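The values are calculated or read from the model by the stated rules, or taken from the named source; none is laboratory data. In this text the structure is predicted, and so the values were computed from the model without any measurement. All Cβ positions, glycine included, derive from the backbone under ideal geometry; neighbour counts span all protein chains shown. Surface accessibility is based on the protein's heavy atoms, side chains included, excluding ligands, DNA and RNA. Shrake-Rupley method; radii C 1.70, N 1.55, O 1.52, S 1.80 Å.
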Amino acid sequence: MKKILISTALLAGVLSYAGGFRVSLQGVKQLAMAHTSAHAEDASVAFFNPAGMSFIPSKLSIVAGGFGASNKVTFQNLNTLQSTETDNPLGTPIYAAIAYKPIDKLSIGFSFSTPFGSTIQYPYDWEGREMVQKLELKSFYFQPMVSVKMADWVSFGASYIYAKGSVNWDKAVTQFGGTVNINDEKASGHGYGFGFYFRPDPKLDVSIAYRSPVDMKAKKGTATFVAPAQTTVNTLLGLNGAGQDSFTATLPLVEEYTIGLTYRVTPKWLISADFNYHGWERYSRLTLDFANAPIGNQADPTILVAPKNFRNSKTVRLGTQYAFTNMIYGRLGAYYDESPYSDDNFIPETPSFDSFVVTGGLGFKLNKFGVDVAGGYAMPQSRDVKNNYLGFYGQAKAKAFYFGLGLSYNAF
């Protein structure tokens, strides 16, 4: 169990950075329409496809917004019938973006978002306490970008991605009657994105975008053990006087492909659809290198390699908007999101489910200003947990809902 202890902790950080089960909350207007992407009405399009900036109907556009995200996971051991429920605090992801056209055919912009990050908290004495007691994850994405209008009907855009993140993880170490905290405040990585945005007809928008893999590098991670026999544990694991050891790891994050369409059925009514493809097969294994602790499974006992059998996953989205007046807009949507792993690979640190999600919201336009509100309700499908590698079996269920408020300003 000692080997599993560390590997699963870091893996959760990987998944949350990468979006294995990430909640799509990068635009309030987009969320109301199932988080579809082909909407070039303001700077919120920047996160989804930088090429869309060329079709924003103003030279300067600024957006910002935030969400509340609530989720609860229930695990039941089918042998003992003991049930455990998480007590997670409300998540509050935020985003902001700006797009500006210095000349007719050129747009520049910047997007800030927190697309991955959450807190999951189980009772500290639950049966899976050696895998997780509490996990706090944060991530920040900074994306400068540029878009060039190649013709009146098509543009190309590209962005550079700088990612920062942290993980703070508590779990039990029953062998020593204590706990371990896994902490890394300075994980970082780099990537890029690019896309094409088409408007071959005033009624039709087409968005094609790609977001690259990002290798998150953890160079100064710290594992802190606390146990009654602290001196003995320090000696056994080669820890320092504070019960700590350092580790390094390169955490490969997956690429994402997106195709989005928006069709204006009438001047007041539009329909949008998206298809997302996530290359999760990139996670065949995870390698962690500790400075001193001999908790690995290789010839070098400080190197731990954990096999991970992830698979590529898809998300299908459908949304609509109707203009009740020139100032008030109603929005609805629904999407289906696949889990990137099977029941045999279920992990309680980052529980993932095949999910149906319904969304809705309202938009208000006041001259140059816009105010959007949205909400979503997720219906994850229950899972038969049978992870032989972790020795973790039972049934897992979840429920989640989201709400958001967004502001936009198309200056001129």
(message) Give me log10 I(q)/I(0) at q = 0.13, 0.14, 0.20 Å⁻¹ for the stretch 65-215, Debye formula, one equal scatterer per alpha-carbon, no solvent.
(response) -0.78, -0.84, -1.23
(request) Give, in nm to one decimal, the length gained when the segment between R285 and N312 is fully stretched (0.36 nm per residue of separation minus the Cα-Cα distance). (result) 8.3 nm
(message) Going Cα to Cα from K397, which lysines come in below 28 Å? Please leave out same-chain ones fewer than 8 positions away.
(response) K2, K3, K72, K134, K138, K171, K308, K314, K386
(message) Under a crude label model (7 Å from the Cα following the beta-carbon direction), how far is Y160 from N388 in nanometres?
(response) 4.8
(request) Excluding residues on the same chain fewer than 8 positions from K149, give the lysines whose Cα lies under 28 Å from its Cα. (result) K29, K59, K101, K105, K203, K268, K365, K368
(message) From the phi angles alone, apply the Karplus equation (6.51, -1.76, 1.60; θ = phi - 60°) to the stretch 125-131 and give each ³J(HN,Hα) in whole Hz, x where the residue is Gly or Pro.
(response) 10, 6, 5, x, 5, 6, 9
(message) With unit charges on the beta carbons (Lys and Arg positive, Asp and Glu negative) and the dipole taken about the Cα centre of the chain, which residue among L106, S272, M53 sits farthest to the positive side?
(response) L106
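Out of the total accessible area of the stretch 28-411 (probe 1.4 Å, heavy atoms of protein only), what percent is carbon and sulfur?
Heavy-atom surface of the stretch 28-411 belonging to carbon and sulfur, 1.4 Å probe: 60 percent.
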(request) Go through T174, T224 and list them by solvent-accessible area, largest first, probe radius 1.4 Å. (result) T174, T224
(request) In square nanometres and to one decimal, what's the mean projected area of the convex hull around the Cα atoms of the stretch 75-146? (result) 7.0
(message) Please list, in order along the stretch 379-390, the HN-Hα scalar couplings obtained from phi with the Karplus expression 6.51 cos²θ - 1.76 cosθ + 1.60 (θ = phi - 60°), rounded to whole Hz, x for Gly and Pro.
(response) 10, x, 7, 4, 10, 8, 7, 8, 8, 5, 5, 8
(message) I want to make sure I understand the PRE zone here: with the label point 7 angstrom from the Cα of T74 toward its beta carbon, which residues in the stretch 123-167 have backbone N atoms less than 20 Å away?
(response) 123-129
(message) Through the Karplus equation 6.51 cos²θ - 1.76 cosθ + 1.60, θ set to phi - 60°, convert the phi angles of the stretch 116-121 into ³J(HN,Hα) values in whole Hz; use x for Gly and Pro.
(response) 10, x, 6, 10, 10, 9
(message) How much length would be gained if the chain were fully extended between Y263 and A323, taking 0.36 nm per residue of separation minus their Cα-Cα distance, in nm to one decimal?
(response) 20.2 nm
(message) Going by amide H atoms built from the backbone, whose H comes under 5 Å of the H on A398, apart from near neighbours?
(response) T74
(message) Nothing charged except the Cβ atoms of Lys and Arg (+1) and of Asp and Glu (-1): what's the magnitude of the dipole of the chain about its Cα centre? Round to the nearest 20 debye.
(response) 880
(request) Considering the convex hull of the alpha carbon atoms of the stretch 289-393, report its projected area averaged over all viewing directions, in nm², one decimal. (result) 11.0
(message) Tell me which of T174, P252, V385 sits at the most positive position along the dipole axis of the stretch 28-411, charges placed on C-beta atoms (Lys, Arg +1; Asp, Glu -1).
(response) P252
